[in-house]
Amino acid sequence: MLKRFFIFCSGADTAILDSCSPGEQTKYAGIGATVFFTAVMAFIASSYALFTVFDSYFTSITFGIVWGLLIFNLDRFIISTIKKRNSFKGELLQASPRILLAIIIAVVISKPLELKIFEKEINQVLLEQKNELTLANKDQIALQYTPQTKALSDEIAVLKQGITDKEVEVNTLYTTYITEAEGTAGTQKLGKGPVYKEKREKHDAELLAMQELKQTNTQKINEAEAQLAVLATEYNTKVNETQPIIDGFDGLMSRVNALNALPLLPSLFLFLLFLAIETSPIIAKLLSPKGAYDLKLEEEENALETWVAQQVHQRKAVLQTDTEVNNRVYADIAEEQELYDYKRKKARELLQLQADAFYNKQKGILG
């Protein structure tokens, strides 16, 4: 039963193959088994690839079955259309489009399995890419807020520097009127004289101005820091909103690109393995000698071709003979006087009817 199924998979004519030796049947059963298991691998590969896209077992398995059947039908068609001829070059030329198609199928089958086999390595590459994207995303978002943030930070720095400069100026005035009172500087007279009073008043005025400046600048600093906090909140919100897009950067195309970033040799060997599996039935068909099945199939096709050629030739001969007979019959009839007189009579009647119709029509117009 299993042997019959694999022979069916090979696309061989079972009616012809049943009359061949067991060895010939085994050869085609092996070819059919290769076709079947290639379709199974195509089903597994496509199901995994589609699962990475749809994230649904039902959808991926359904489309995987359809894809597996499609590959099975293509492989079976490719094998069944390769005919053994007496020229190896002719057979190779005949099989070259099939080999090209087999290479394409091998690529399609092997790529999803490569994604599964090297999944851990691909995840590591994707993680690095996601980290790079996260940092780049943060930098790009930060560029939107940099001018405002820098302007507010500079404004805060200027306001704080203004307070510091005023404090230094007030402290200097304080030192000036104290040293004047002590007689260690200025007029160098001990006591609180007119100069001391003048310097003290100047200090007190600047101290009051410093307090007002401190109050005003502190309020402005608080407002600027509040705006900085709002900008920081908006920045974090945008980062959090865009991060899920980066976290979802693990689709089929990104995984294929991540696979291409890995060393080429392991993927190449895996592709060559599937290429060997996919092309093995074709290569086996090309390299195997012309067997009993090929001879009987060729004999049956030649017999059918000969029969069709005979039928075409016979129909042409019948048509040619019938044409010649018809020509002779009509030539003989054309020479009969009775037929001439009859057609002459009918032509005269037709002309008379036409003349009467024209006369009646003109008469009606003239009234």
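Only the coordinates and a few stated rules stand behind these numbers; no lab work does. Note that the structure is a prediction, hence the values are computed from the model and not measured. Positions of Cβ are backbone-derived with ideal geometry, glycine not excepted, and every protein chain shown enters the neighbour counts.
The table for this structure:
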item: Ranking of 254, 96 by count of other Cβ atoms within 10 Å, fewest first; result: 96, 254
item: The chain: DSSP helices with Cα axial extent of at least 30 Å and average Kyte-Doolittle hydropathy no lower than 0.0; result: 22-54, 57-80, 88-117, 264-287
item: Distance (nanometres) between label positions extended 7 Å along Cα→Cβ at residue 136 and residue 252; result: 2.4 nm
item: Against the rule of thumb 2.2 N^0.38 Å, how large the Cα Rg of region 308-366 comes out; result: 2.21
item: Contact order normalised by residue count of the chain, Cα under 8 Å, 6+ apart, percent; result: 22 percent
item: Net lengthening on full extension, residue 220/residue 167 (0.36 nm per residue, minus Cα-Cα); result: 17.3 nm
item: Unit charges on C-beta of K, R, D, E only; dipole of the chain, Debye; result: 920 debye
item: Of 67, 162, 224, farthest towards positive along the dipole that unit charges on Lys, Arg, Asp, Glu beta carbons give the chain; result: 67
item: Residue order, fewest to most surrounding Cβ atoms within 10 angstrom, among 313, 203; result: 313, 203
item: Contour minus Cα-Cα distance for residue 149 and residue 323 (0.36 nm per residue); result: 52.5 nm
item: Förster-model FRET efficiency, 35 Å R0, residue 96 and residue 14, C-beta, rounded to 0.05; result: 0.80
item: Sorted by Cβ density within 10 Å, fewest first, the residues 8, 51, 274; result: 8, 51, 274
item: Computed lengthening from residue 345 to residue 303, 0.36 nm per intervening residue step minus Cα-Cα distance; result: 9.2 nm
item: Cβ-derived FRET efficiency at R0 25 Å, residue 160 paired with residue 236, nearest 0.05; result: 0.45
item: Hydrodynamic radius by Kirkwood, which averages 1/r over all alpha carbon pairs of the chain, in angstrom; result: 32.6 Å
